[in-house]
Ligand SMILES: C[S@@+](CC[C@H](N)C(=O)[O-])C[C@H]1O[C@@H](n2cnc3c(N)ncnc32)[C@H](O)[C@@H]1O
């Protein structure tokens, strides 16, 4: 019995021990799983922290780079801000002077400029107070009246206007509406600018160009008037945005081209659409002759009309007198090219009397 009991006891003991071992291993297993879980959590945590820190660093880096970029962009803005552009909006300068004649001009449909362009022209004259002014392209005389009105109180100021047309309507608004302006005005009609320049003479303070619009148009006008302009004269040009504001058929590039290559300080009217300003002025940089080859080179495009042969001959003689041989060579080259080009590629032109 004892033996059996002992054996039984042993059995129980053994069983207990087995049971004990089972629990022991189970516990170890559980704590191993826990450990793995904890380790896993720690790894996840570490990875998350790592990602967060990496992202944070990346953001800091991005911010740093963009700050740097902003800084350099700002620097560029400062560096690029065009010193040659004067931010005086001349369409807001002494407009009351223009307002004196505004009603009359509107009533008689005299002017081919919009109101703020007229105000700008008035502002240019009021600001710079030129004494000797040349105007190229008159039509009924709207712009002419604005200039004459603006120089009324400027002693000895005089306006010389040129129009290729000899139509009796040229300048009629001045004659009909403002006869009191006539003593400060001389009108030349029926020929190109080169024909009249020697008569007008030098020391010109300002020129206002609003003529053919198609190439070579205003580019030639500027080159013709340049030898007679004073140092730092004012050059006003109308329709400098026709390339963007008018229909593609009216690709009138001449004023746009010459305005943008003339070297000098730029004046534009107010308004946000900066490419659409259709009138502007330049105060010439001194010693313009150092840029003269650039101006002649600008004539080297495909012309939209070919000037009359008699005008070409007149210009050749004129350029011989006032410009160097390189200018003449460039002029002859573009004339020879365009004589054939325009014949083969006739394009729209508004003022027929410009060509044969
Ligand atoms: C747009 S109108 C001038 C409008 C005027 N500035 C105004 O404010 O109403 C153009 C004038 O330039 C003249 N014209 C055209 N080609 C010319 C040229 N090559 N030389 C001089 N005048 C020209 C035309 O006869 C026309 O009268």
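The values are calculated or read from the model by the stated rules, or taken from the named source; none is laboratory data. All values reported here derive from a predicted model rather than from experimental measurement. Counting neighbours? That spans all protein chains shown, and the Cβs are built from the backbone with ideal geometry, glycine included.
The figures follow:
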| item | result |
| --- | --- |
| Answer residue from the stretch 290-303, given it is surrounded by 13 or more Cβ atoms within 10 Å (Cβ to Cβ) and out of contact with any helix residue (DSSP H, G or I) (no Cβ under 7 Å at 6 or more places or on another chain) and is nearest to residue 225 (Cα to Cα) among those | 291 |
| Selected residue [surrounded by fewer than 16 Cβ atoms within 10 Å (Cβ to Cβ) and within 12 Å of the ligand (Cβ to nearest atom)] from 169, 203 | 169 |
| Subset of the stretch 95-118 (residues that are within 13 Å of the ligand (Cβ to nearest atom) and under 28 Å from the mean Cα position of the chain (by Cα)) | 98, 111, 112, 113, 114, 115, 117, 118 |
| Long-range neighbours under 6 Å by Cβ, at least six apart or interchain, first residue closer than 19 Å to residue 322 by Cα and touching a residue at least 12 places away in the same chain (Cβ under 8 Å) within the stretch 180-196, second part of a strand (DSSP E or B) and within 14 Å of the ligand (Cβ to nearest atom) | 193/136; 193/162; 196/162; 196/188 |
| All positions within the stretch 136-160 that are within 13 Å of the ligand (Cβ to nearest atom) and under 24 Å from residue 271 (Cβ atoms) | 137, 142, 143, 145, 146, 147, 149 |
| Some residue of the stretch 97-108 being under 15 Å from residue 235 (Cα atoms) and in a loop (DSSP other than H, G, I, E, B) | no |
| Number of the exception - residue 278 against (1) at pLDDT 95 or above; (2) within 16 Å of the ligand (Cβ to nearest atom); (3) touching a helix residue (DSSP H, G or I) at 6+ places or on another chain (Cβ under 9 Å) | (1) |
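Conditions (1) outside the structural domain of residue 137 (by TED's automatic domain parsing); (2) assigned to a helix (DSSP H, G or I); (3) in contact (Cβ under 8 Å) with a residue 40 or more places away in the chain; (4) in contact with a helix residue (DSSP H, G or I) (Cβ under 7 Å, 6 or more places away or on another chain), marked per residue:
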site	(1), (2), (3), (4)
305	no, no, yes, yes
314	no, yes, yes, yes
318	no, yes, yes, yes
326	no, yes, no, yes
332	no, yes, no, no
336	no, yes, no, no
341	no, yes, no, no
347	no, no, yes, no
